[in-house]
Amino acid sequence: RADDSIKAVVVRVDSPGGSALASDIIWNAATRCAAEKPVIVSMGQVAGSGGYYVAIPGETIFAQPTTITGSIGVVGGKIVWKGLFEDKLGITTTEFSRGAHAALMSSNRKWSDSERSFMQAYMNSVYEQFKGRVTKSRGAKIKKDLESIAGGRVYTGAQAVELGLVDKLGGLADALDHAAGKGGLGRDYEVRQFPKPSGLEGFLALLGKLTGKETEEDEYEVRLTPTLGSDPLVRAVWP
């Protein structure tokens, strides 16, 4: 956001979600960045729940036709292990807590009625916040009543475009091209990747350098020059 040499940002999201707090922190950071420069989102195989939450600040959201996205909802619970640990494994525990809800997530007992009510109210508040973030970020782009397409419902990327949950169908390369256009960079621009690639990502990046062309990371699809593409070693190791 503060680096003037970076003219546009592409956020790659491939996540089924997780922590509501972490999602909101990322949403806030991406929203602040989008106020300063173009932020474009590229969805991978999955960008649902918290994965969708962090994507919505994007000025333009790209998804693959088969991307799983949406899932605007909240789920919570806990597993009680006490019977398994004590009766089956002989492992016993003793709890010390102070405060009405200090042992809320204890795995030794089920929720009391008051704890269950507290958790339900908490989940309801997070759900309303999630929908509020979607409304603030997407606004009039949503083509149906939000509640009718929220409630944890999931969609393919193609369906999400029709509903206004995402903007366009395309991969990472399309998102990069779009961001370069928004940043006024033409065709001659540098892409910096964070965090630095490793493993298969590093291998794909190396092939991109060898071929003199950028790689398309979606579905591990890479454009090879005819010369390198005909190399038997490359063909032998290629997925």
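R0 = 45 Å: FRET efficiency of residue 118 with residue 1, Cβ-based, nearest 0.05?
0.75
Defining a contact as two alpha carbons under 8 Å apart and six or more residues distant in sequence, what relative contact order in percent does segment 1-127 show?
That works out to 21 percent.
Taking the Cα atoms of segment 120-166 alone, what are Rg (to one decimal) and Dmax (as a whole number) in Å?
When restricted to the Cα atoms of segment 120-166, Rg and Dmax are 11.2, 34 Å.
Run a plain Debye calculation on segment 1-111 (Cα atoms as equal point scatterers, no solvent) and give log10 I(q)/I(0) at q = 0.21 Å⁻¹, rounded to two decimals, same order as the q list.
Debye intensities relative to I(0), on a log10 scale: -1.04.
Across 5 Å bins from the origin, how do the percents of Cα pairs in segment 1-51 run, short distances first?
5, 20, 26, 24, 16, 8, 2
Let me check I've understood the local charge: for residue 133, count other residues with C-beta under 14 angstrom from its C-beta, Lys and Arg +1, Asp and Glu -1. What total comes out?
+3
Given 0.36 nm per residue, what is the gain on full extension from residue 81 to residue 128 after removing their alpha carbon distance, in nm?
Answer, rounded to one decimal: 13.8 nm.
Share of Cα-Cα pairs in segment 130-205 beyond 19 Å, in percent?
56 percent
Please compute, over every Cα-Cα pair in segment 34-170, the percentage with a separation greater than 19 angstrom.
Distances greater than 19 Å cover 59 percent of the Cα pairs.
Please give the peptides 95-103, 146-154 ranked by average Cβ packing (other Cβ atoms within 10 Å per residue), highest first, as a rough proxy for protection.
146-154, 95-103
For labels at residue 143 and residue 110 in the simple 7 Å Cα→Cβ model, what's the distance in nm?
So the label points at residue 143 and residue 110 sit 4.5 nm apart.
What's log10 of I(q)/I(0) for segment 74-153 at q = 0.18 Å⁻¹, Debye sum over Cα points only, no solvent?
-0.83
FYI, it's all coordinate maths here, none of it is from the lab. Nothing here was measured: the structure is a model prediction, and the numbers come from that model. For neighbour counting, all protein chains shown are included, and Cβ atoms are generated from backbone atoms with ideal geometry for every residue, glycine included.
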